[in-house]
Amino acid sequence: GDSVTQTEGLVTLTEGLPVMLNCTYQSTYSPFLFWYVQHLNEAPKLLLKSFTDNKRPEHQGFHATLHKSSSSFHLQKSSAQLSDSALYYCARNSGGSNAKLTFGKGTKLSVKS
Amino acid sequence: NAGVIQTPRHKVTGKGQEATLWCEPISGHSAVFWYRQTIVQGLEFLTYFRNQAPIDDSGMPKERFSAQMPNQSHSTLKIQSTQPQDSAVYLCASSPGQANTEVFFGKGTRLTVV
């Protein structure tokens with residue numbers, strides 16, 4: 001079925017090191033992919049989303065590349081900051097006019113000094 | 001714009017009691033969603049309305065959960081005969097309704113069933 005997989009439940013990094021959070025999806029069509037971020041005691045909010053023209057979305061130093069051949073949309077950042085510590089969710093839409101998003105189980109990123 | 005508003009922020013119910021959660025979506029948004037958030041399962045889809053009409057309730061436990069949207073400014077999620085496994089954060093969200101647009105979340109209602 002249509003699903004999203006995030007393989008890491010917890011990623012712990014030292015400040016300044018690169019970040020990569022994995023996201024793969026199953027789909028019978030080409031969906032839109034999203035990354036949402038949730039800081040402690042806050043609502044999840046959009047970090048970035050895929051484009052129809054395959055441009056690479058970027059926001060706050062994060063970027064993600066949609067690879068249709070491997071059904072992946074991994075989130076990357078060259079240098080982690082303490083303020084990046086949060087819960088990150090990968091999501092996909094459901095196709096057609098359906099606005100529903102299906103989320104992965106989330107990856108908690110913990111950045112330490 | 002106050003964003004998506006959810007009340008109450010915290011609710012404690014006894015096992016077997018009923019819980020009603022409230023959501024006020026962003027004005028002008030045609031799509032309203034309910035999700036359940038737990039550490040183990042992450043963000044689980046429950047149900048979705050468009051222009052107040054139920055579109056997809058595939059994530060709703062059928063027997064005790066129900067959701068309604070009586071008007072464009074609020075939606076409710078009702079859980080009857082609450083059980084400890086219903087303890088979670090329930091998130092409401094809204095969007096303009098297109099498939100590739102941002103979904104805006106409220107801060108959620110933390111439900112604890114004791």
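Values in this text are rule-based calculations from the coordinates and carry no lab data. What you see is a predicted model, and the numbers here were worked out from it, not measured in a lab. Note: ideal-geometry Cβ built from the backbone for every residue, glycine included; neighbour counts use all protein chains shown.
Over segment B:5-113, the Kirkwood radius and the radius of gyration, each from Cα atoms, give a ratio Rg/Rh of 0.95. P(r) tail for the protein assembly as shown: Cα pairs beyond 23 Å make up 48% of the total. Residue-wise HN-Hα couplings along segment B:66-79, as the Karplus relation 6.51 cos²θ - 1.76 cosθ + 1.60 with θ = phi - 60° gives them from phi, are 8, 9, 9, 9, x, 8, 6, 9, 7, 9, 10, 10, 10, 10 Hz; Gly and Pro carry x. Couplings 3J(HN,Hα) of segment B:93-100, computed from phi: 9, 9, 8, x, x, 6, 5, 10 Hz, in residue order, whole Hz [Karplus 6.51 cos²θ - 1.76 cosθ + 1.60, θ = phi - 60°; x for Gly and Pro].
Most tightly packed first, judged by the mean number of other beta-carbon atoms within 10 Å of their residues, the peptides B:59-66, B:30-37, B:18-25, A:102-109 read B:30-37, A:102-109, B:18-25, B:59-66. Legend: distances between Cα atoms for A:Lys77/A:Lys100; A:Lys49/A:Lys105; A:Lys49/A:Lys100; pairs beyond 20 Å are A:Lys77/A:Lys100. Taking a straight line from the alpha carbon of B:Lys62, these lysines sit under 17 Å away, with near neighbours fewer than eight places off in the same chain left out: B:Lys78. The calculated P(r) of segment A:2-88, using every Cα pair and 10 Å bins from 0, goes 16, 51, 29, 5 in percent. Averaged over peptide A:73-82, the number of partner chain Cβ atoms lying within 10 Å of each residue's Cβ comes to 0.
For segment A:61-100, rounded, prolate or oblate, judged on the Cα gyration tensor with a ≥ b ≥ c (square roots of eigenvalues), a/c < 1.5 rounded, else prolate if a/b > b/c? Because a/c hits 1.5 or more and a/b fails to exceed b/c, segment A:61-100 counts as oblate.
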